[in-house]
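Okay, structure first, notes after.
The values are calculated or read from the model by the stated rules, or taken from the named source; none is laboratory data. A quick note: this is a predicted structure, and the numbers were derived from the prediction, not measured. Quick reminder, even Gly has a Cβ in these numbers, built from the backbone with ideal geometry, and neighbours come from all protein chains shown. Just the protein is used for accessible areas: all its heavy atoms, side chains included, with ligands, DNA and RNA removed. Shrake-Rupley method; radii C 1.70, N 1.55, O 1.52, S 1.80 Å.
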Amino acid sequence: VQLQASGGGLVQAGDSLRLSCAASGRTLRKYGMGWFRQAPGKEREFVAGISRRGESTNYADSVQGRFIIVRDNAINTVYLQMNELKREDTAVYFCAANLRGGSDVENEYEYDFWGQGTQVTVSS
């Protein structure tokens with residue numbers, strides 16, 4: 001499956017942004033999906049995950065209550081709604097698919113497919 005992430009940009013602290021991850025090649029409904037991010041000089045970290053049918057979600061503590069992950073399997077797309085953005089949210093954001101199917105897959109090495117990143121920059 002090919003994943004295409006989009007929606008990044010330059011915003012101010014407190015703003016909202018929605019990232020999209022569109023899949024092609026195979027249906028997404030077989031996969032659990034996740035969003036990760038990597039800030040300059042830091043390792044890639046888990047942000048949010050969603051199960052195959054979207055009934056279960058999981059968030060990193062740093063984004064809990066501010067970010068929302070949803071999916072629309074009918075159009076093979078996963079979204080990350082990011083609210084109340086902070087400077088520390090600045091990073092390249094990646095979407096990824098895992099065959100395990102759950103929302104609790106936080107280890108990047110358990111993901112089977114990755115999209116290219118999309119840059120999110122939050123200014124104060």
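Contact annotation: residue pairs with Cβ atoms under 8 Å, 6 or more positions apart or on different chains, pairing a residue in region 31-42 that is closer than 17 Å to G8 by Cβ with a partner that is in a strand (DSSP E or B) and open to solvent by 70 Å² or more (accessible area, probe 1.4 Å), are F36/E45; R37/E45; Q38/E45. Candidates in region 33-51 are the residues that are within 16 Å of F67 (Cα to Cα) and of a type in the set (A, V, I, L, M, F, W, C); of these, the one that is nearest to the chain's Cα centre (by Cα) is W35. Considering only residues in region 104-119 that are of a type in the set (A, V, I, L, M, F, W, C) and outside any loop (DSSP other than H, G, I, E, B), the one that is least open to solvent (accessible area, probe 1.4 Å) turns out to be F113. Selection of first residues in region 53-75 that are closer than 15 Å to L85 by Cα and open to solvent by less than 70 Å² (accessible area, probe 1.4 Å) and of second residues that are modelled with pLDDT of 95 or more and part of a helix (DSSP H, G or I), restricted to Cβ pairs under 8 Å at least 6 apart or on distinct chains, gives the following pairs, ordered by first then second residue: S62/E88; V63/D89. Looking at R100, is it modelled with pLDDT of 95 or more and open to solvent by 70 Å² or more (accessible area, probe 1.4 Å)? So R100 does not fit the description; no. Taken over region 76-97, residues that are buried (at least 17 other Cβ atoms within 10 Å of the Cβ) and either basic (K, R) or assigned to a strand (DSSP E or B) (or both) amount to 12. For region 16-27, residues that are open to solvent by 60 Å² or more (accessible area, probe 1.4 Å) and modelled with pLDDT of 95 or more total 2.
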